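**Q** My structure is below; once you've seen it, I'll send some questions.
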Amino acid sequence: MATAVHLEEWTGENVSLAQIEEALFTLRRESCEETEGPDMRTSVMTHVAWVPPQWHEAAWTTLEGMAERHPSRAILLVPGAADDDELAARVQVAAFALPGERRHVAAEIVELRLGSERARSPASIVMPLLISGLPVFCRWRGRLPFGERVLEDLTGLADRLVIDSREWDDPVGDYEHLADLFDTVAVSDISWRRTLPWRVLLAQEWPEVGRCQELAVNGPAAPANLLAGWLRSRLDRKVKLVHEPADELESVVVDGRELPKPTMEPLSSSELLSAELETFGRERVYEAAVSAARRE
Amino acid sequence: MATTQENPLLEGLPLAQTPEPCLLVVFGASGDLTKRKIFPALYALAFRRLLPEKFAILGAARSDWSDDDFRGHMEAAVREFGRDEFREDVWDRLAEATSYRSLDFADDEAEEELTRYLQHVDEESGTQGNRVYYLAVPPAAMPTLVEDIGKRRAAQGWTRLIIEKPFGYDQASARELNELIWKHFTEDEVFRIDHYLGKETVQNMAALRFANGIFEPIWNRQFIDHVQITVAESIGIEGRANYYERAGAIRDIFQNHMLQLVALTAMEPPSDFTADSVRNEKVKVLKSIHTPGPKHVVRGEYGRGYVEGIEVPGYREEPGVDPTSMTETYVAAKLYVDNWRWADTPFYVRTGKRLPRRETTIAIEFKRAPHPPFAEAAAEELRPNLLIVHVQPDEGVSLAIGAKVPGLGMKLRTVHMDFVYGGAFQVEMPEAYERLLLDAMRGDATLFTRADEVDEQWAIVDSIVAAWKRDRPAFPNYAAGTWGPPSAEDLLRRDGRSWRHH
């Protein structure tokens, strides 16, 4: 993780969006004064994150690890962290050095703590702060509140919804509701990304793996069920899943034969999210895996 | 590699991009190119797991090295020139797949032995007779190698031939080499490298032109005043006197890199991005380039001067260079592409050694706004719109536009809107050789030069060189650290224009 060359910050309680926009402008100017010339704003997206308070620390850790890789504007929405109709803000402009470049590149982070009233319609708060003409990625921390207005509100403005179904208590039960969202918004799942090295290994087992009857996975429920759903949907037939819970994906056994461990280093949470932010459009293979995760 | 129809698990996986099992044979394996470019590129591909699972490398050269010597030299090269951190596990996998044979290319018996050894490696590594031969050897060694490889090609699997530049010395020698190649190989088995085509920014020229609706309608003689292409180097010949004395700037850069940049800038949109569609369009441009007359070409040779504050010797003082050498280290030319799109639009091109800085740019200067409604004094700082593609360094694109200076009056200035690769995409750009090696293994020739392109390039160069035989300029005619001879400035001044100097 690279450290910012310099970082400007502004905070305010009970603020308006105009004050936040002004703070961004002022911080950018102050940031430029620290360097020889203007910092570059080479944004490729707006990154919106819905971060309930229990995910606050984890979200910042991830963000700090990826600001340099995606120097865009990140807007963190923390619901219920202020009085009813209050909006509190913390705005940062961080400048990162670029190899071989004299100038710096600027990343902007806007944390908005929303009172419960404000949290009902977050899109109306986010909309004025979006960088126009660029895609909007919405990272949703924790379980998706299926059927609630807040989810509809934010997915309505996002081009891509990024989740981690490992953060859910009952991922298999919720995959059915998740599948209903696929026609509304493109979905990325960090748990799915974690299965990639294992999917590569399984694909290399072709054609034997094509006759697979039973898949035994030692790992979290979400990736285990996604792997099984993937095999079922790609092979278009039943595959039994034997799931042994563990904190990380530790082993995969196909019809009694254990696969070698992937040689790729596991990615950090920042790298995992970064990878998802480089994906555009619907991921049909994932969608089919989600739909098949509930079928034996 | 099975297709996604044969193996449905491949869909959406990066594995679908991996080449088929193959054996890469590098001739000239003890040379500088293998050390600086080929092995660091192979390591970068291994690092990203882009090489096939069943893969082997055989280095062949005259140096009397063992397998371990070769691996040791290549490990040092990867550590020094690789763009990724050095990881033992990645290197160990690559080293395990690597072997070396000391070989005299002219010795038939040694070639026979090599053939038997390649069959052995095929069997051991499961590479199925698929071979990529990389000919990183001097031009003189090329015909013998092509003949030997052709005669001894594997009975099964596919064969691909990667040929480094220079491809021939002139049109006649290039044709001769092509004839020899075609005796044993089909054109789609031949991959002639011009590493400029592997650069991200050069490929971005196609993205800029053909993925953006705003540029193509104005990419023509009606809106563009002229084009300037610069391939400038601040370094000298770096001990390569033997090669450079024979090649000069015209064969070293102009014949290949420079004419490729002209072709990519001027070509019509291809119907798709397949090898033949792209190369067909480039050939049309090369065929349309009007042979420049002697007044439209300037050559130069650098004398003693200062580069980056250090006094550097003149070309004739470089080790190994003839003290009366007439080899050009600088070429500038005014080219015309005789077609509907570009008629009467000059393409000013220049390349040289020991220029003030390293820079490769394509600058498109648009015509001035027909009637700016501002007072003359307000717009005196305003220059025509300029679109600059920075190939290297500071890879990216910038557009110069006129903007109002903040304040009460109406004062206009030129400002730059920049897209810098390193700023928008926080990933390191792959080295050209990584892309080209991988493409050759996959059999994708889009970024390689086809025989008819080479032929047209040499036709242009031969006509320029023929005119040079009629006079003997007073060399050296520019000091190291300057932008070339005064006559290069005159080339544009006669047209009421000037070279971009920054």
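**Q** How many residues, within segment B:291-300, are in contact with a strand residue (DSSP E or B) (Cβ under 7 Å, 6 or more places away or on another chain) and assigned to a loop (DSSP other than H, G, I, E, B)?
**A** Residues that pass the stated criteria total 1.
**Q** Out of B:Asp84, B:Asp67, which single residue is within 18 Å of B:Leu118 (Cβ to Cβ), free of Cβ contacts under 8 Å to residues at least 60 places away in the same chain and surrounded by fewer than 23 Cβ atoms within 10 Å (Cβ to Cβ)?
**A** On the way: B:Asp84 fails: within 18 Å of B:Leu118 (Cβ to Cβ).
Step by step, each of B:Asp84, B:Asp67 is checked, and only B:Asp67 is within 18 Å of B:Leu118 (Cβ to Cβ), free of Cβ contacts under 8 Å to residues at least 60 places away in the same chain and surrounded by fewer than 23 Cβ atoms within 10 Å (Cβ to Cβ).
**Q** Still on this structure, I have one more. Please give the number of the condition A:Val172 fails out of (1) within 15 Å of A:Gly229 (Cβ to Cβ); (2) of a type in the set (A, V, I, L, M); (3) within 11 Å of chain B (Cβ to nearest Cβ).
**A** Going through (1) within 15 Å of A:Gly229 (Cβ to Cβ); (2) of a type in the set (A, V, I, L, M); (3) within 11 Å of chain B (Cβ to nearest Cβ) one by one, A:Val172 breaks only (3).
**Q** Keeping to segment B:377-406, report how many residues are among the small types (Gly, Ala, Ser) and either modelled with pLDDT under 75 or within 14 Å of B:Asn204 (Cα to Cα) (or both).
**A** Residues of segment B:377-406 that are among the small types (Gly, Ala, Ser), as a first pass: B:377-379, B:396, B:398, B:400, B:402-403.
Then drop every residue that is not either modelled with pLDDT under 75 or within 14 Å of B:Asn204 (Cα to Cα) (or both), which leaves B:377-379, B:396, B:398.
Going through segment B:377-406 one residue at a time, the tally reaches 5.
**Q** Could you tell me which numbered condition B:Ala95 fails, if it satisfies all but one of (1) under 21 Å from B:Glu434 (Cα atoms); (2) out of contact with any Lys or Arg (no Cβ under 8 Å at 6 or more places or on another chain)?
**A** Tallying (1) under 21 Å from B:Glu434 (Cα atoms); (2) out of contact with any Lys or Arg (no Cβ under 8 Å at 6 or more places or on another chain), B:Ala95 fails exactly one: (2).
**Q** Here's something else I'd like to know. Identify the single condition in (1) assigned to a helix (DSSP H, G or I); (2) without any contact (Cβ under 8 Å) to a residue 12 or more places away in the chain that A:Val150 does not satisfy, given that it satisfies every other one.
**A** (2) is the only condition that A:Val150 fails.
**Q** For segment B:452-487, what are the residues that are surrounded by fewer than 19 Cβ atoms within 10 Å (Cβ to Cβ) and of a type in the set (Gly, Ala, Ser)?
**A** Across segment B:452-487, the qualifying residues are B:Ala459, B:Ser463, B:Ala466, B:Ala467, B:Ala474, B:Ala479, B:Ser487.
Residue by residue, here is whether (1) under 21 Å from B:Ile464 (Cα atoms); (2) modelled with pLDDT under 95 holds:
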residue: B:Leu264; (1), (2): no, yes
residue: B:His290; (1), (2): yes, yes
residue: B:Arg316; (1), (2): no, no
residue: B:Val331; (1), (2): yes, no
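**Q** Within segment A:266-296, restricting attention to residues that are within 14 Å of chain B (Cβ to nearest Cβ) and in a loop (DSSP other than H, G, I, E, B), which residue is modelled with the highest pLDDT?
**A** The selected residue is A:Glu283.
Here's the yes/no breakdown for (1) touching a Leu at 6+ places or on another chain (Cβ under 6 Å); (2) of a type in the set (Asp, Glu):
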position	(1), (2)
B:Glu6	no, yes
B:Glu20	no, yes
B:Val25	yes, no
B:Leu33	no, no
B:Gly72	no, no
B:Val78	no, no
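**Q** Could you say whether any residue in segment B:126-143 is crowded, with 18+ Cβ neighbours inside 10 Å, in a helix (DSSP H, G or I) and at pLDDT 90 or above?
**A** No, every residue in segment B:126-143 fails to be crowded, with 18+ Cβ neighbours inside 10 Å, in a helix (DSSP H, G or I) and at pLDDT 90 or above.
**Q** Among the residues of segment B:243-278, write down those that are surrounded by fewer than 17 Cβ atoms within 10 Å (Cβ to Cβ) and either within 16 Å of the chain's Cα centre (by Cα) or among the aromatic types (Phe, Trp, Tyr) (or both).
**A** B:Tyr243, B:Phe273
**Q** Continuing with this model, one more query. Quick one: which residue in B:Val389, B:Val307 is surrounded by 13 or more Cβ atoms within 10 Å (Cβ to Cβ), among the aliphatic types (A, V, I, L, M) and under 29 Å from B:Ile460 (Cα atoms)? Even if it seems obvious, please write down each step before you answer.
**A** Numbers: B:Val307 fails: under 29 Å from B:Ile460 (Cα atoms).
Going through B:Val389, B:Val307 in turn, just one is surrounded by 13 or more Cβ atoms within 10 Å (Cβ to Cβ), among the aliphatic types (A, V, I, L, M) and under 29 Å from B:Ile460 (Cα atoms): B:Val389.
**Q** Going by what's in this entry, would B:Arg240 be described as more than 26 Å from B:Gly481 (Cα to Cα), surrounded by 14 or more Cβ atoms within 10 Å (Cβ to Cβ) and among the charged types (D, E, K, R)? Give the steps one after another, and end with the answer.
**A** On the way: more than 26 Å from B:Gly481 (Cα to Cα): no; surrounded by 14 or more Cβ atoms within 10 Å (Cβ to Cβ): yes; among the charged types (D, E, K, R): yes.
No.
**Q** With the structure loaded, tell me whether B:Arg48 is among the basic types (Lys, Arg) and within 20 Å of the chain's Cα centre (by Cα) or whether it fails that test. Break it down stepwise before answering.
**A** On the way: among the basic types (Lys, Arg): yes; within 20 Å of the chain's Cα centre (by Cα): no.
No; evaluated as a whole, the condition is false for this residue.
**Q** Also: Whether any residue in segment B:410-419 is within 14 Å of chain A (Cβ to nearest Cβ), assigned to a strand (DSSP E or B) and either at positive phi or modelled with pLDDT under 75 (or both) is what I want to check. Talk me through it step by step, then tell me what you get.
**A** Let us first name the residues in segment B:410-419 that are within 14 Å of chain A (Cβ to nearest Cβ), namely B:415-419.
Checking which are assigned to a strand (DSSP E or B) leaves us with B:415-419.
Narrowing further to those that are either at positive phi or modelled with pLDDT under 75 (or both): B:418-419.
Yes - at least one qualifying residue is present in segment B:410-419.
**Q** Right, something else. Within the set of pairs 6+ apart or on separate chains, which have a first residue in segment B:450-467 that is hydroxyl-bearing (Ser, Thr, Tyr), a second that is part of a loop (DSSP other than H, G, I, E, B), and C-beta atoms under 7 Å apart?
**A** B:Ser463/B:Thr291
**Q** Something else now. If A:Gly147 meets every condition in (1) within 21 Å of A:Ile20 (Cα to Cα); (2) surrounded by fewer than 18 Cβ atoms within 10 Å (Cβ to Cβ) apart from one, which number is that one?
**A** Just one mismatch for A:Gly147, condition (1).
The values are calculated or read from the model by the stated rules, or taken from the named source; none is laboratory data. Every value quoted in this text rests on a predicted model; they were computed, and no experiment measured them. Positions of Cβ are generated from backbone atoms using ideal geometry, with glycine treated the same way; all protein chains shown enter the neighbour counts.
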